[in-house]
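The values are calculated or read from the model by the stated rules, or taken from the named source; none is laboratory data. These numbers come from a predicted model, not from an experiment. Cβ placement follows ideal geometry from the backbone for every residue including glycine, while neighbour counts extend to all protein chains displayed.
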Amino acid sequence: MGKIILVTGGARSGKSSFAEKLALKLGDGRAAYIATAQIFDDEMAYRIKLHRQRRADNWTTFEAPFEAEEKLCEAGKSFSTILFDCVTIYVSNFLCAADLDDEDKLYKNLRELIQKLIDAALSSDAVTIFVTNEVGGGIVPENKLARRFRDLAGLANQMLAAHADKVFLTVAGIAVDIRKLEETL
């Protein structure tokens, strides 16, 4: 049975860099990388370029902006460690392709989407490290789409954290295992 590790934090907190180092450590120097981003502009192209430069030949990349559970299952057959970067981009991809008129259906479909990721991760023998952004720490967004994104990302993070053996919060390049600090009721 697979294990899940969740790495969260704000933008530029060092979460991806930490997760990459952890994946290589756990994977004996090699790992699978599930990439969820799509290149729509020069800024995203540059960000992807930076991520690729950090990864050497000991990474095998699986592109998965949609239906990532299939790539998780595929990677789990050959790798002991999988890095999924990132959940919030994956939620954004989902949101941009979703029917925004039916609020109940939107949340139901998001729950099903994230549950598929969880099931795929747990069905392999691999450790899957999910990277995500902590997006709920600021002010309430003014527009409806931004509020939906924040709420859906928060729901996805909670679902993944509920199944995670470890949950790391990264701030200023420092990762803290917040599961160890968890207060259980």
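Is it fair to say residue 135 is surrounded by 23 or more Cβ atoms within 10 Å (Cβ to Cβ), under 17 Å from the mean Cα position of the chain (by Cα) and in contact (Cβ under 8 Å) with a residue 40 or more places away in the chain?
Values: surrounded by 23 or more Cβ atoms within 10 Å (Cβ to Cβ): no; under 17 Å from the mean Cα position of the chain (by Cα): yes; in contact (Cβ under 8 Å) with a residue 40 or more places away in the chain: yes.
Here the answer is no, as residue 135 does not meet what is asked.
Look at residue 52 and say whether it is surrounded by fewer than 16 Cβ atoms within 10 Å (Cβ to Cβ) and modelled with pLDDT of 95 or more.
Numbers: surrounded by fewer than 16 Cβ atoms within 10 Å (Cβ to Cβ): yes; modelled with pLDDT of 95 or more: no.
No, not satisfied.
Out of curiosity, is residue 83 outside any helix (DSSP H, G or I) and either of a type in the set (A, V, I, L, M, F, W, C) or modelled with pLDDT of 85 or more (or both)?
Numbers: outside any helix (DSSP H, G or I): yes; either of a type in the set (A, V, I, L, M, F, W, C) or modelled with pLDDT of 85 or more (or both): yes.
The answer is yes for residue 83.
Answer yes if at least one residue in the stretch 113-122 is closer than 30 Å to residue 30 by Cβ and of a type in the set (Val, Ile, Thr), and no otherwise. Before you say what the answer is, go through the steps one by one.
Taking the stretch 113-122 first, the residues closer than 30 Å to residue 30 by Cβ are 113-122.
Still in the running and of a type in the set (Val, Ile, Thr): 114, 118.
Yes.
Can you pull out the residues in the stretch 149-173 that are outside any helix (DSSP H, G or I), closer than 15 Å to residue 134 by Cα and not aromatic (Phe, Trp, Tyr)? Full working, then the answer.
Of all residues in the stretch 149-173, those outside any helix (DSSP H, G or I) come to 164-173.
Retained after the next criterion (residues that are closer than 15 Å to residue 134 by Cα): 167-173.
Listed by number, the residues that qualify are 167, 169, 170, 171, 172, 173.
Taking the stretch 9-27, which residues are outside any loop (DSSP other than H, G, I, E, B), under 11 Å from residue 133 (Cα atoms) and not basic (Lys, Arg)? If you could, list the steps in order and put the result at the bottom.
First pass over the stretch 9-27, keeping only residues outside any loop (DSSP other than H, G, I, E, B): 9, 15-26.
With under 11 Å from residue 133 (Cα atoms) added as a condition, the list becomes 9, 15-16.
9, 16, listed by residue number.
Which condition breaks for residue 116 when tested against (1) surrounded by 15 or more Cβ atoms within 10 Å (Cβ to Cβ); (2) among the charged types (D, E, K, R); (3) not in a helix (DSSP H, G or I)?
(3)
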